[in-house]
Amino acid sequence: MKKFLIACAAVCCAALMAAPAPKGWTTDYDGALKQAAREKKCVLVLFTGSEWCGWCKKLRKETLDQAAFRKFAAQNLVLVYMDIPRGPEPAGPTRLKEVSAKLRPGGGVPCTVIVGADGTVKGKISGHRPLKRYIAEIKELTK
């Protein structure tokens, strides 16, 4: 029984290490492409280290969690959250390595990749941006 409880605790801890996608975001890249095609939108894929990257935390707090960004995104984008864990990649629907190989974000995190509904990379934004500049850059890339 003791071994069973330890095994259960280990599984629970592993599941908690990968931060869940914030409300309004998905981790299903293929599903996001289908949704974007239906809604005639672009896909914003965010590669982030939510638990360990200071610039990622700053981008989320100062930009992504702001009402103006949420409103803009709801009208124009399908949001995909690719969290890069400090340890090994957890099993699940994110397929981080596969999506990363397709989009080649390069560099560090945070990295935002704008993708057309057909899967074509339209552009990238590396690093943190203040809210207005971030939205302006996304608008430029989604033209």
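Computed from the coordinates by the stated procedures, all read-outs in this text should not be read as laboratory data. As the structure is a computational prediction, the values presented were derived from the model and not from experiment. Virtual Cβ from ideal backbone geometry, glycine too; neighbours counted across all protein chains shown.
When residue 62 is tested against the conditions (1) out of contact with any His (no Cβ under 8 Å at 6 or more places or on another chain); (2) among the charged types (D, E, K, R); (3) surrounded by 14 or more Cβ atoms within 10 Å (Cβ to Cβ); (4) not in a loop (DSSP other than H, G, I, E, B), the lone failure is (1). Picking from residues in segment 128-140 that are of a type in the set (A, V, I, L, M, F, W, C) and crowded, with 18+ Cβ neighbours inside 10 Å, the one that is farthest from residue 65 (Cα to Cα) is 138. Among the residues of segment 71-86, those that are within 14 Å of the chain's Cα centre (by Cα) and more than 16 Å from residue 99 (Cα to Cα) comprise 73, 77. The set of residues from segment 108-127 being outside any strand (DSSP E or B) and crowded, with 20+ Cβ neighbours inside 10 Å comprises 109, 110. Residues in segment 88-102: is at least one aliphatic (A, V, I, L, M) and closer than 17 Å to residue 125 by Cβ? Yes, segment 88-102 has at least one match. Whether a residue is within 17 Å of residue 83 (Cβ to Cβ), part of a strand (DSSP E or B) and in contact (Cβ under 8 Å) with a residue 12 or more places away in the chain was assessed, and residue 99 does not pass this test.
Can you pull out every residue in segment 25-41 that is outside any helix (DSSP H, G or I) and surrounded by 13 or more Cβ atoms within 10 Å (Cβ to Cβ)? Across segment 25-41, the qualifying residues are 25, 26, 27, 28, 41.
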